[in-house]
Amino acid sequence: VQLQASGGGLVQAGGSLRLSCAASGLPFGGYVLGWFRQAPGKEREFVARIRWNGVSKDYADSVKGRFTISRDNAKNTGYLQMNSLNAEDTAVYYCAATYSISPYYDPESYQYWGQGTLVTVSS
């Protein structure tokens, strides 16, 4: 199983980035795709998640209205569109997948993880 996150980089405050997560090798469809982030010295935190149907979505309060999660099941790829970025969004962003019905905001609920992509927002 491989989850390949990409699209990170350096952006000025107020700018935008789109992250991608390419999944391969998952045993079957129906998985929930999540995005988490971890800033230096902080714990990994939930950002957003999307269910297989692409309709049910949840966001952390800190990104609601600025970030949009989406997925293309035909391509086994998920996306995180990030707008109005600020310095507090600086972190390594991870995509993850789960078949579990456990709390979607809990990293422990996710069985598969990508390697992370660094997002740096300069103020």
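The values are calculated or read from the model by the stated rules, or taken from the named source; none is laboratory data. Quick caveat, the model's predicted, so the values are computed rather than measured. Reconstructed Cβ throughout: ideal geometry from the backbone, glycine too, with neighbour counts over all protein chains shown. Only protein heavy atoms, including side chains, enter the accessible area calculation; ligands, DNA and RNA are left aside. Shrake-Rupley method; radii C 1.70, N 1.55, O 1.52, S 1.80 Å.
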query = Name the residues in the stretch 90-107 that are out of contact with any helix residue (DSSP H, G or I) (no Cβ under 8 Å at 6 or more places or on another chain), open to solvent by 10 Å² or more (accessible area, probe 1.4 Å) and not hydroxyl-bearing (Ser, Thr, Tyr), would you?
reply = Val92, Ile101, Asp106, Pro107
query = Taking only pairs six or more apart or across chains, which ones have beta-carbon atoms under 7 Å, a first residue in the stretch 75-96 that is aliphatic (A, V, I, L, M), and a second residue that is open to solvent by less than 20 Å² (accessible area, probe 1.4 Å) and in a helix (DSSP H, G or I)?
reply = Met82/Asp89
ask   = Could you say which residue among Ala74, Ala87 is open to solvent by less than 60 Å² (accessible area, probe 1.4 Å) and either at pLDDT 95 or above or out of contact with any Lys or Arg (no Cβ under 6 Å at 6 or more places or on another chain) (or both)?
value = Ala87
key: Restricting the stretch 17-43 to residues that are in contact with a strand residue (DSSP E or B) (Cβ under 6 Å, 6 or more places away or on another chain) and exposed (fewer than 13 other Cβ atoms within 10 Å of the Cβ), the residue that is nearest to Ala60 (Cα to Cα)   = Ser24
request  = Give, as residue ranges, the strands (runs of 3 or more DSSP E) completely inside the stretch 29-101 that count at least 3 residues that are more than 16 Å from Ser16 (Cα to Cα) and not basic (Lys, Arg).
outcome  = 32-38, 45-50, 91-98
